[in-house]
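Following: one structure in C-alpha cells, then a few remarks.
The values are calculated or read from the model by the stated rules, or taken from the named source; none is laboratory data. What you see is a predicted model; the values in this text were computed from it and never measured. Because the Cβ atoms are built from the backbone with ideal geometry, glycine has one as well, and the counts that use them run over all protein chains shown. With ligands, DNA and RNA removed, areas are computed over all heavy atoms of the protein, side chains included. Shrake-Rupley method; radii C 1.70, N 1.55, O 1.52, S 1.80 Å.
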Amino acid sequence: MTTYRAPIEDIVFAFDHIADLPRAAGAAAMDAGLDREMLELLIGQAGQLAEGVLAPLNQSGDAAGARFAEGVVRMPDGFVPAYRQWREGGWNGVSAPEAWGGSGLPVLLNAAVLEMHTSACMALAMGPVVTQGAVDALLAHGDADLCARYLPRLVSGEWMASMALTEPQAGSDLALIRCKAVPAGDGTYRLSGQKIFITYGEHDLTDNIVHMVLARLPDAPAGTRGLSLFLVPKLVPDGEGRPGARNDVVCAGIEHKMGLRASPTCTLVFGERQGGAVAWLVGEPHRGLACMFTMMNRARLATGLQGVAIAERACQQALLYAWERRQGRAPDGRGGTGEAPSPIVAHPDVGGMLLAMRARTAAARAIAYATATAIDRAERGEAEGQDLADLFTPVTKAFCSETGIEVASLAIQVHGGMGVIEEAGVAQHLRDVRVTAIYEGTNGIQAIDLVTRKLPRKEGGVVAAVLSGWEQILSAVRAASSRPELTGIAPPLAEAIEATRRATAWVLAPERTETERLVAATPYLRLFGLTAGCALLAKGALAAAARLAEGEGAPVLRRALVNAEIFATRLAPAAPGLARVAMAGADAWERGRESLTVEG
Ligand SMILES: Cc1cc2nc3c(=O)[nH]c(=O)nc-3n(C[C@H](O)[C@H](O)[C@H](O)COP(=O)(O)OP(=O)(O)OC[C@H]3O[C@@H](n4cnc5c(N)ncnc54)[C@H](O)[C@@H]3O)c2cc1C
C-alpha cells in the first residue's frame, strides 16, 4: 500500500516565488476578488480529494486494469464513484470559462490541481485532460450551436471526450491520416475509418463520449493541409440535447500496456455498421491541424505535469522507504545506534539520489508552472506571454516527462530489489510515466519543434530575452550571496547560461545545415531545460533566503534553498557537456548511420 501527501506548501511556494500567481491571474482578476485565501482553500481541497479518494485507487486500478468485452469497456472498481465525486467537486472546469459553467480560474491553478490528482492516480486523472482538450478546441473553433450543445456537458464532466488523431500508419506523421468524412447534405458529415491508441475512447464513467476526430473531406489536398476536425458523439444528442441514438462508432479493443493499465487506450472503428458516423465539422474545412494546434500548448503542459506528478509521488515513496530500510553503517554511524545498521537514507549515495530526485522534481514543477503562467498571459492576449508559452511548451513537455521517468527509475534504485517487486508499488510509477515521453508528440518531435520553429522566432529575440532574464537572476544571486547555499549556486548557473547562449547561437547560425540542427535538437532541449530549471530554482532560493532572513522558519523555505543548491551543484554542471554534444555537428552521425544496417 503506498501513500501520497499533497505537497501544498511546495505548490504555494512555487505560485508565490517562481510562477508569479498574480501575473497568471491578471491584475483584473485579483482586483475582482480572486483572493489568496480562496485559492489556498481550493488547492487544499484538491489535495484532500487526491489523498483520500484518488490515491487509494492507484494500485488496485493498475492490478485490475480496464476490461474490454464486446465493444464495452469497464473501468476498475471504484473508478466510477471516484469520477462522480471528482466531477461533482467541479474539478473538470477549474480553468474553463464561467459562461460555460467553469470556474474561470487561471491555467496555473488548474496545473496544480492536475498535478495532485495525477500523482494520486494518473490513469484516472488523464481522462479529464483529454476532455479539457476538447473543451479548448470547441471554445476556439466550434460554432454557436456545437458550443451550446456540448460545452456545458463537457465542462461539467457529465460527458467526457476523446482526441482521435492516430491511425495505424499515421503516428508522428499526421499527413498520412486516411479517415474520411463526406457531406451528408444536411450540414452533417458521415465519417469512416479507424483510429488507434485513443485514450478514453470508450469507458463507463459517463453516458456519452464526444470524439474529436481528424479526417479528410473528399476534395481535401494531400498532407496535413487536407485535414479537418470533426465532432463525433458516441450517442447523438436528441432535440433536447439528451444522449440519443447510438452513432456508427465502435470500440474494437483496448491495448495491453506496460503501464496506465486502468486508462483505456482504444481502437475505434467509425462507419462500419451504418455507412458512416454522424459528424459535425469543427472550424474551417482543411484547417483541422491548425484547430488541434490551438490547444496543443495546454495539452503538452498537461503531459509535462504528468511527469512532475509521478516524480513527486516517487520522491515521497523513496524517502519513506529510505528511512525504514536499514543496511550497513553510514559514515560516522549516522542514523544507527550501537551496532545497529543505519537507515539507507544516511548513505551518501542513497541520500544523493534522494536529493537529486527532489531537486529535479522541483525544477520540473517550476518550469511547468512558469509555462502555465505564460499560457494564462497568452490567453489574455499578452504577446510576451504567447512568445514564452510557445518557446517553453516543448521544453515543459519533454524535460518534465523525462524528469518523471528518471525520478521514478531512481525511486526503484533507492528501493533496491523491492523496487522491482510490484507489491511495493514503486515500479508502477515508472511503468505509468514512461509513455509521457511518447504521446502528445514524442520528445524527439518536441526537440525538433524547439530548435527549428521556436528558437528562430523573432530572429532569436524570444530566446535572447529569456537568456537575459536568467542573467538577471544570476546577478541577484551574486549580489545576495550571504548564505552558503546561494554562494554555491552562482558559478554553475553562470556556466549553464553561458553554455546555453553558445549552443543557441550555434543552432541558429545561418550556415547550419538542417541535419546539424536535427542532430543537435535533443541535447539542446535537455540543456535548455537544465538551465531553465537551475535559474528558476535560484529565483525561488533568493525569495526563500529573504524570508528566512526576516525570521520565518517554514521547512518549505529550507527545502527551496536545498533544492536550488543541489540542482546547481549536482545536476546543472552537465550543461556545458550537453552544449558540446549539441554543437558537435553531424559528421560523427553521418559516419555512424552507415553502420545502422540490419544485415549485421
Ligand atoms: C498510451 C497511449 C495513449 C495515446 N493516446 C492517444 C490519443 O488519445 N489520441 C491519439 O490520437 N493518439 C494517442 N496516442 C498515440 C501517440 O500520440 C503516438 O503513439 C505518438 O504520436 C507517436 O506515434 P507512433 O507511436 O506511431 O510512433 P512513430 O511516429 O512511429 O515514432 C517512432 C519513433 O520515430 C521518431 N520519429 C517519427 N517521426 C520522426 C521525425 N519526423 N523526425 C524525427 N523522429 C521521428 C519518434 O520520435 C519515435 O522515437 C497514444 C499512444 C499511447 C501509447
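Can you spot a residue in segment 35-55 that is in a loop (DSSP other than H, G, I, E, B) and surrounded by fewer than 19 Cβ atoms within 10 Å (Cβ to Cβ)?
From segment 35-55, those in a loop (DSSP other than H, G, I, E, B) are 35; that's our starting set.
If we keep only those that are surrounded by fewer than 19 Cβ atoms within 10 Å (Cβ to Cβ) as well, we get 35.
The answer is yes, given that some residue of segment 35-55 is in a loop (DSSP other than H, G, I, E, B) and surrounded by fewer than 19 Cβ atoms within 10 Å (Cβ to Cβ).
Applying a threshold of 9 Å to beta carbon distances and a minimum spacing of six or more residues, or different chains, the list of pairs starting in segment 194-222 at a residue that is small (G, A, S) and ending at one that is near the ligand (Cβ under 9 Å from one of its atoms) and open to solvent by 10 Å² or more (accessible area, probe 1.4 Å) reads G201/T265. Could you say whether any residue in segment 183-196 is hydrophobic (A, V, I, L, M, F, W, C), under 18 Å from H286 (Cβ atoms) and either modelled with pLDDT of 95 or more or near the ligand (Cβ under 9 Å from one of its atoms) (or both)? The answer is yes, given that some residue of segment 183-196 is hydrophobic (A, V, I, L, M, F, W, C), under 18 Å from H286 (Cβ atoms) and either modelled with pLDDT of 95 or more or near the ligand (Cβ under 9 Å from one of its atoms) (or both).
Being buried (at least 16 other Cβ atoms within 10 Å of the Cβ), of a type in the set (G, A, S), in contact with a Leu (Cβ under 8 Å, 6 or more places away or on another chain) and outside any loop (DSSP other than H, G, I, E, B) narrows it down to one of A314, A299, so name that one.
Details: A299 fails: in contact with a Leu (Cβ under 8 Å, 6 or more places away or on another chain).
Step by step, each of A314, A299 is checked, and only A314 is buried (at least 16 other Cβ atoms within 10 Å of the Cβ), of a type in the set (G, A, S), in contact with a Leu (Cβ under 8 Å, 6 or more places away or on another chain) and outside any loop (DSSP other than H, G, I, E, B).
Would you mind stating whether L320 is at pLDDT 95 or above and within 19 Å of S162 (Cα to Cα)? The answer is no for L320.
Taken over segment 152-170, the criterion of being open to solvent by 10 Å² or more (accessible area, probe 1.4 Å) and either within 10 Å of the ligand (Cβ to nearest atom) or in a strand (DSSP E or B) (or both) is satisfied by M163, L165, T166, P168, Q169. Within segment 553-587, the only residue that satisfies the criterion of being open to solvent by 70 Å² or more (accessible area, probe 1.4 Å), assigned to a helix (DSSP H, G or I) and among the aliphatic types (A, V, I, L, M) is V581. Of all residues in segment 397-426, those being under 20 Å from the mean Cα position of the chain (by Cα) and over 20 Å from G351 (Cα atoms) number 6. Residue under question is A509, and the condition is that it be at negative phi and surrounded by 14 or more Cβ atoms within 10 Å (Cβ to Cβ); does it hold? Against the criterion (at negative phi and surrounded by 14 or more Cβ atoms within 10 Å (Cβ to Cβ)), A509 does not qualify. When we screen A398, A437, A447 for residues that are within 13 Å of the ligand (Cβ to nearest atom) and open to solvent by 10 Å² or more (accessible area, probe 1.4 Å), the only hit is A437. The one condition from (1) within 12 Å of the ligand (Cβ to nearest atom); (2) assigned to a strand (DSSP E or B) that G201 does not meet is (2). Out of the residues in segment 150-183 meeting the condition of being touching a residue at least 60 places away in the same chain (Cβ under 8 Å) and hydroxyl-bearing (S, T, Y), tell me which one is farthest from P221 (Cα to Cα). Among residues in segment 150-183 that are touching a residue at least 60 places away in the same chain (Cβ under 8 Å) and hydroxyl-bearing (S, T, Y), the one farthest from P221 (Cα to Cα) is S156. Listed by position, the helices (runs of 4 or more DSSP H) inside segment 347-453 whose residues that are among the aromatic types (F, W, Y) and at pLDDT 95 or above number at least 2 are 383-415.
Yes/no per residue for (1) open to solvent by less than 60 Å² (accessible area, probe 1.4 Å); (2) touching an Asp or Glu at 6+ places or on another chain (Cβ under 7 Å); (3) of a type in the set (V, I, T):
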residue: E240; (1), (2), (3): no, no, no
residue: P243; (1), (2), (3): yes, yes, no
residue: G253; (1), (2), (3): yes, no, no
residue: A262; (1), (2), (3): yes, yes, no
residue: T265; (1), (2), (3): yes, yes, yes
residue: G271; (1), (2), (3): yes, yes, no
residue: G276; (1), (2), (3): yes, yes, no
residue: G283; (1), (2), (3): yes, no, no
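The strands (runs of 3 or more DSSP E) falling completely within segment 213-263 that include 1 or more residues that are within 15 Å of the ligand (Cβ to nearest atom) and touching a Phe, Trp or Tyr at 6+ places or on another chain (Cβ under 7 Å) map to 227-233, 249-254. Here G133 fits the description: under 23 Å from A370 (Cβ atoms) and part of a helix (DSSP H, G or I).
Out of the residues in segment 409-434 meeting the condition of being buried (at least 23 other Cβ atoms within 10 Å of the Cβ) and within 16 Å of the ligand (Cβ to nearest atom), tell me which one is nearest to V466 (Cα to Cα). It comes out as V433.
Any residue in segment 301-316 that is basic (K, R) and modelled with pLDDT of 95 or more?
At the first step, the residues of segment 301-316 found to be basic (K, R) are 313.
Next cut, modelled with pLDDT of 95 or more only: 313.
The answer is yes, given that some residue of segment 301-316 is basic (K, R) and modelled with pLDDT of 95 or more.
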